[in-house]
Amino acid sequence: MKTALKISIYIISIMLLLSTGALAFGTKATPAEYGQDLLPFANVDSVAKWDVPGVPYYLVPGIGGANVRISWWDGCAPGAQVWPPAPDMFASLTNFIYPSVVFLDNTVANTYTPADPIYLAIDANKHILATGDLRLSAPLAGTKIVDSAPDINRAYQMAPPYWYFGYVDLDSSGTFTLGDRVYLHTYAFSNKVVNGDLRISP
Ligand SMILES: [Ca+2]
Ligand SMILES: [Ca+2]
């Protein structure tokens, strides 16, 4: 088998794993993950963009934590911490002015339920999904809405104020480190991973 073909098959396999695997970016937490302790990011939980062609978006965690890429960019997968030799290491980021995590209230009216898709609206003043807003949940997690997308112009609900980005400290280091798993937590009454939480890093 030619090397190029082998590499293509490998890349496609990785992409399938990322898009359909049990721990893929943008999929909801599974029962095996429920009950794990979540640590909120300290000080900063903002989202930012890098003003280069293609414009990747990032989650910017607390002091000392590597940024987490949350959109596909130039072959770089969302959900990964930016770490050498990532080509976007040291990217100069610009904060969005009024970003908000939002959801489409597709199932069980007026409350977030695990089947409801989650987005990052980059300008929540618009109140509807617009070009450039980011899909945070599968399918198509990490991709942006374009003008002809079926979900453009959909009205959304803002995430409740108790939602937050946090991480499971898989290596028990007490801080956010490479390999810790990031979630968007959606439940008010505990700091543990629950049904409906969204996995940000695989
Ligand atoms: Ca709902
Ligand atoms: Ca850690």
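A short reminder: the numbers here are calculations on the coordinates, not readings from a lab. Not measured: the values here are computed from a predicted model. For neighbour counting, all protein chains shown are included, and Cβ atoms are generated from backbone atoms with ideal geometry for every residue, glycine included.
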With respect to Phe103, is the statement that it is out of contact with any helix residue (DSSP H, G or I) (no Cβ under 8 Å at 6 or more places or on another chain) and more than 16 Å from ligand 1 (Cβ to nearest atom) true?
-> no
Given the residues Pro161, Pro150, which is the only one that is free of Cβ contacts under 8 Å to residues at least 60 places away in the same chain, more than 16 Å from ligand 1 (Cβ to nearest atom) and closer than 22 Å to Val194 by Cα?
-> Pro161
For residues that are of a type in the set (D, E, K, R) and surrounded by 16 or more Cβ atoms within 10 Å (Cβ to Cβ), scanning just the stretch 111-136, find the one that is farthest from ligand 1 (Cβ to nearest atom).
-> Asp133
Would you check which residues across the stretch 182-202 are in contact (Cβ under 8 Å) with a residue 24 or more places away in the chain, of a type outside the set (Phe, Trp, Tyr) and away from ligand 1 (no atom under 16 Å from the Cβ) and list them?
-> Val182, His185, Asn191, Lys192, Val193, Arg199, Ile200, Ser201, Pro202
Evaluation of Asp171 against (1) within 16 Å of ligand 1 (Cβ to nearest atom); (2) loosely packed, with under 14 Cβ neighbours inside 10 Å; (3) of a type in the set (Asp, Glu) (one fails), failing number = (1)
Can you give me the ranges of the strands (runs of 3 or more DSSP E) entirely in the stretch 91-202 with at least 3 residues that are under 16 Å from the mean Cα position of the chain (by Cα) and within 16 Å of ligand 2 (Cβ to nearest atom)?
-> 164-168, 181-185
Just give me the residues in the stretch 62-81 being under 14 Å from Gly142 (Cβ atoms) and not in a strand (DSSP E or B), in sequence order.
-> Ile70, Ser71, Trp72, Asp74, Gly75, Ala77, Pro78, Gly79, Ala80
